[in-house]
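What follows draws every value from the coordinates through simple rules; no lab data is involved. No experiment lies behind these values; they were computed from the predicted model shown. FYI the Cβ positions are ideal-geometry reconstructions off the backbone, even for glycines, and counts take in every protein chain you see.
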Amino acid sequence: MQFNYFDIHSHLNLKPLYESRAGVLARMKEQGVGTITVGVDYGTSKIAIDLAEENPDLLWATVGLHPNDNVDEIFEYEKYLELAKHPKVVAIGECGLDYFRDQSEETKIQQKEIFKKQIELAIEVGKPLMIHARPSKGSMDAYKDVLNILESYCNLQPATFNLLCNFHFFVGDLSIANRIAINGWTMSYDGPITFSTDYDEVIRSTPIENIMAETDAPYAAPVPYRGKTCESWMVTEVIKKIAELKGMTEEECKQAMLSNVKRVFGIE
Ligand SMILES: [Zn+2]
């Protein structure tokens, strides 16, 4: 299938989208929108693969354990390795560090440990990382810790090794964005860029090669769908806004987004 648009991060594997997936998929097909269904724990990672198998033209999957969505799960490397090898799995995650609600040292140590295992998994299977980094209020702490960890891994790898990373639902400042771009990595934006000016300066200053578009559906619907359940096809509004901020035509921006998806996730 030839895509018009691509949403690099959504959750067709979660409520309420999973229950209404037939309709959601029909609307995506109609508009030529594909997506990556992102796992947040072992169960939802398996569902993401099942969905991708059932809808091979529209859906791909990631497998991973979110830093605080399911704190009771114990990360089992071998079990995730089995899933990660699946040909429809295009990234490991969403994984990373989330200091928004809890900044205790104990939580940070635990999150870092699980994150490192998933970096090792991404390196073993040679697939990119879908990063979830959420700092505590008024700080960039989680981004700095994620970047320090990722850069230390890259320094250990042979020069020929290229670990790819995308920072999903990016809310970082210009210095964090620059550090991501210098490493050749990407950051993806969501609905909030359509109703907040907080992101304008960073998007204007970041090369288009380092920017991706996503919805994080069912969360964070863009204008003019605010308050509704977000679906992947609404990514068109995010792309429109990126085009406006970058001074590109919508068509140019759309093509740039598709070529980034191909480069990072191998999807075309
Ligand atoms: Zn997500």
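What size of dipole, in debye to the nearest 20, comes out for the chain about its Cα centre when the only charges are +1 on Lys and Arg C-beta atoms and -1 on Asp and Glu C-beta atoms?
For the chain, the charge dipole is close to 360 debye.
Given a cut-off of under 8 Å on Cα pairs at least six residues apart, what relative contact order in percent is computed for the range 193-246?
39
Hey, can you grab everything whose amide H is under 5 Å from the amide H of C165? Only 5+ residues off in sequence or another chain; H modelled, so Pro and N-termini drop out.
L129, T186
With +1 on the Cβ of every Lys and Arg and -1 on the Cβ of every Asp and Glu, and nothing else charged, how large is the dipole of the range 44-186 about its Cα centre, in debye rounded to the nearest 20?
440
How many angstrom separate the Cα center of the range 18-84 from the Cα center of the range 86-135?
Result: 16 Å between the Cα centres.
Would you mind telling me which residue in G96, G138, G39 has the biggest mean-square fluctuation in a Gaussian network model of the chain, where springs connect alpha carbons within a distance under 10 angstrom?
G138
Classify the chain as rounded, prolate or oblate from the Cα gyration tensor: take a ≥ b ≥ c as the square roots of its eigenvalues, call it rounded if a/c is under 1.5, otherwise prolate when a/b beats b/c and oblate if not.
rounded
Between D141, D190, D216, which gets the highest mean-square fluctuation from a Gaussian network model of the chain, Cα cutoff 10 Å?
Per the Cα network of the chain with a 10 Å cutoff, D141 tops the list.
Under a Cβ-Cβ cut-off of 11 Å, what is the net charge of the residues other than Y80 that fall near it, where Lys and Arg count +1 and Asp and Glu count -1?
-3
HN-Hα J couplings of the range 125-135 from phi, Karplus 6.51/-1.76/1.60, θ = phi - 60°, integer Hz, Gly and Pro as x?
Here the 3J(HN,Hα) series is 8, x, 10, x, 9, 9, 8, 10, 10, 10, x Hz.
What number, in percent, do you get for the relative contact order of the chain if the mean sequence gap of Cα pairs under 8 Å and at least 6 apart is divided by its residue count?
Relative contact order here is 18 percent.
Calculate for the chain the 222 nm mean residue ellipticity that helices alone would give, adding -39,500 (n - 2.57) per DSSP H run of length 4 or more and normalising by residue count, nearest 500 deg cm²/dmol.
Taken over the chain, the calculation gives -13000 deg cm²/dmol.
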